[in-house]
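Let me begin by presenting the structure, written as structure tokens, before commenting on it.
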Amino acid sequence: MSNTTRIQARSSHTMRLERLPVLIFDDPAQMARQVARKVANLIQDRAVTGRMAVLGLPTGSTPIGVYRELVRMHQEEGLDFSNVITFNLDEYYPMKPDALQSYHRFMEENLFKNVNISRKNIHIPRGDIAREEVDTHCDEYEWQIKKAGGIDLMLLGIGRSGHIGFNEPGSRRDDRTRMVVLDEVTRRDAAGDFFEEKNVPREAITMGVGSILECREIILMATGEHKGHIIRKAVEEEPNSSVTASFLQEHLHCAFYVDRASASELTREKTPWIVGDVSWNAEMARKAVVWLAKKIKKPILHLETADFHHHHMHDLVNAHGTADELTYKVFMELRDRIKYQPELPKKKSCICFSPHPDDDVISMGGMLGKLAQNKNDVAVAYMTNGSVAVFDMDVERHLRFLEMSARLHGGADGEARIKAFTRPIFDFITHKKPGQIDTAEIQQLKAYIRYTEAIAGIEVMGLHEKDARFLDMPFYKTGEVKKAPIGEDDVQIVLDLFNERKPDHIYVAGDLSDPHGTHRMCYTAIKRALEKYNQQEGVKKPLVWLYRGAWQEWEIEKADIFLPMSKADLSQKIDAIYKHESQKDRALFPGSDAREFWERARDRNVGLAREMDALGLPEFYAAEAYVTCHEMP
Ligand code: F6R
């Protein structure tokens, strides 16, 4: 994979399919910088002529990088916000402005308090007004936008329901600012921020699609594979009210800025040969052959010349001589990627990085088992403590255990001593308001619950307590779902581990779509530490194995290694996942998927084996897939 940043615009063929301009970025950070630069240019252009710059702003995880960059430009380059007026898209209803999940608070923390914008120029719909005042408030909001001369540049995110602002499926093209009922998908996606779905408000106030389309210029941003399907619909399907972002196609100055992950379902990315000439290198040929075999449901070695011709792939066959030569080559390449236990690392130093204390067994449980059997020296490095995802009732259960054990150990005295510690905690939990941050003590107890589960999990895989390393990285410890950026202290912790263990192999979560971006941040910390480590003299670069998490598996054509798993291997892995009891039955962050983590892992691993079987490769009970590299992309 290329390590350089590429921005890719559309070819003329693509333009026929993509109904508005889409810029694809390899690096989401570069995308954020480019959007921030556009905002800064607008502000500065307006300042030259003594005019105000009017911005429309979203909240959510997507624009955070842009806000960070704008703050940096203000602090380091003196970008002046005194001529800026802002209108935010939306706010939950009901919602107090200082509540943890309020968009007022989000904007304050992520942008406004860090730049010199005048308070009177900030507009955000209010979630704390009486219901009977909402209509007037919405009319007033629209009027304020008109009074400011309309919005010059609107930044948007996109929800998995296809919403822009909170214009959920069914919204109309000419809707204005109003109260709306939130879609189920949106409420589920917000569950993490509210610590439980039942706490997520059912309503919100949002600018309408009509209000958005009146902005002079619009940029919609998206990152992560989980946005892939909706981006394709918004870009390639006719405008329709079930994907409100598709209405943006009607705007003359609207562009989508997306990272490669969220572009992955666009035709030009998924099946580029359909929209234009491609260079048929080995990777592209593999992708095309696997796609064709799946599409017409034939094993690779059954594909014939006519199959390729019927799908306009003459040039692919020509480039390889005959269809038989091509299919044989692809088949052998895939077959050679299957690695049985004797071909896996033996007696080596390995570090398995697990963003949360359970990703290790969920995503690479099969590999952990084989690494242990091959007598490798394995350290499982849990990067965050996962405390945010533990329910209060689990803390209470553990405290009761503590009280009972104290009775056993120290009699009535022991019990009294421990109760002096536990009872105030019970008290806090009883009076805790929805969404309130836990005390540092409770956060730590929640971390311990996850640590004990993690140890039990790796023991099932044949590893030991001493093999678990809890890095407890600082960026995660905000007590909230919102995380701090990766800092030098985070990178140093990983670098120290590299220097201590001098690993031959490292295993890293390469899935960049977990709902709150923690995996992406852990990845960044490892990447930065690895770059530093590899530059040190006399260091042997470790081989990096990228695994994917609970949300998806590597595509067959992309995987470098397939690890076959027997039925027994899979049940051992599932047993290990069961040990993460606090995440079972109703995990806090299940995303949109109602299945438990062990079910997702099972379906993914069995599903991959079935896919391989259908392609005519050896038939396994289950399999895991990995991508390997020396430099992290
Ligand atoms: C928030 C908003 C929403 C978000 C969308 C994506 O103000 O208007 O439309 O942009 O839900 O959210 P993230 O970026 O968190 O995936």
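The values are calculated or read from the model by the stated rules, or taken from the named source; none is laboratory data. Note that the structure is predicted; figures quoted are calculated from it, not measured. Cβ sites come from the backbone with ideal geometry, for glycine too, and all protein chains shown count toward neighbours. With ligands, DNA and RNA removed, areas are computed over all heavy atoms of the protein, side chains included. Shrake-Rupley method; radii C 1.70, N 1.55, O 1.52, S 1.80 Å.
Expressed as a whole percent, how much of the Cα-Cα distance distribution for the range 37-181 exceeds 19 Å?
The share of Cα pairs beyond 19 Å in the range 37-181 comes to 53 percent.
Give me the tail of P(r) for the range 220-341 as a percent: Cα-Cα pairs with distance above 17 Å.
64 percent
Between the range 206-221 and the range 24-75, what is the C-alpha centre distance in whole Å?
Cα centroid to Cα centroid, the span is 16 Å.
Stick to Cα atoms and the Kirkwood definition of Rh, then tell me Rg/Rh for the range 272-335. Walk me through the numbers on the way to the answer.
Values: Rg = 10.4 Å, Rh = 11.5 Å.
My calculation puts Rg/Rh at 0.91.
Calculated FRET efficiency, GLN34 and LYS147, Cβ-Cβ r, R0 45 Å, to nearest 0.05?
About 0.90, to the nearest 0.05.
Only sites in a loop by DSSP and with at most 11 other Cβ atoms within 10 Å count here; which chymotrypsin sites (Phe, Trp or Tyr not before Pro) in the range 89-153 make the cut? Walk me through the numbers before you get to the answer.
Numbers: sites: TYR92, TYR103, PHE106, PHE112, TYR141, TRP143; in loops: none.
Of the chymotrypsin sites (Phe, Trp or Tyr not before Pro), not one in the loops of the range 89-153 has a Cβ with at most 11 other Cβ atoms within 10 Å.
Please calculate how many Å² of accessible area the chain carries per residue, with a 1.4 Å probe and no DNA, RNA or ligand atoms counted.
43 Å²
Carbon and sulfur together cover what percent of the accessible area of the range 17-269 at a 1.4 Å probe radius?
Looking at the range 17-269 in its full context, I get 49 percent from C and S.
Assuming R0 = 51 Å, what is the FRET efficiency of LYS347 and MET179, from their Cβ-Cβ distance, to the nearest 0.05?
0.20
Please give the peptides 65-72, 339-346 ranked by average Cβ packing (other Cβ atoms within 10 Å per residue), highest first, as a rough proxy for protection.
Output ranking for 65-72, 339-346: 65-72, 339-346.
Let's test the formula: R0 of 30 Å, r as the Cβ-Cβ distance of LYS432 and ALA568. What FRET efficiency results, to the nearest 0.05?
0.10
As an exercise, find the ratio Rg/Rh for the chain from alpha-carbon atoms, using the Kirkwood inverse-distance average for Rh. Before the final figure, lay out each step's value.
Values: Rg = 26.2 Å, Rh = 26.6 Å.
Taking Rh as the inverse mean 1/r over Cα pairs, Rg/Rh reads 0.98.
Relative contact order of the chain, please, whole-number percent, based on alpha carbon pairs below 8 angstrom and at least 6 residues apart.
13 percent
Going by average Cβ density within 10 Å per residue, which order do the peptides 149-160, 489-500 take, highest to lowest?
On the way: 149-160: 21.3, 489-500: 17.8.
Highest-to-lowest ranking by the protection proxy: 149-160, 489-500.
When the dipole is taken about the Cα centre of the chain, and only Lys, Arg (+1) and Asp, Glu (-1) are charged at their Cβ, what size is it in debye, to the nearest 20? Mind dumping the intermediate values first?
Working: 86 positive and 97 negative charges, 89 e Å.
Here the size comes out at about 420 debye.
Taking the Cα atoms of the range 489-582 alone, what are Rg (to one decimal) and Dmax (as a whole number) in Å?
15.7, 45
Is the shape of the range 17-269 best called rounded, prolate or oblate, per the rule: a/c under 1.5 gives rounded, else a/b larger than b/c gives prolate, else oblate, with a ≥ b ≥ c the square roots of the Cα gyration tensor eigenvalues? If you can, show how the numbers build up before the last one.
Working: a/c = 1.35, a/b = 1.04, b/c = 1.29.
Because its axes are fairly even, with a/c under 1.5, the range 17-269 counts as rounded.
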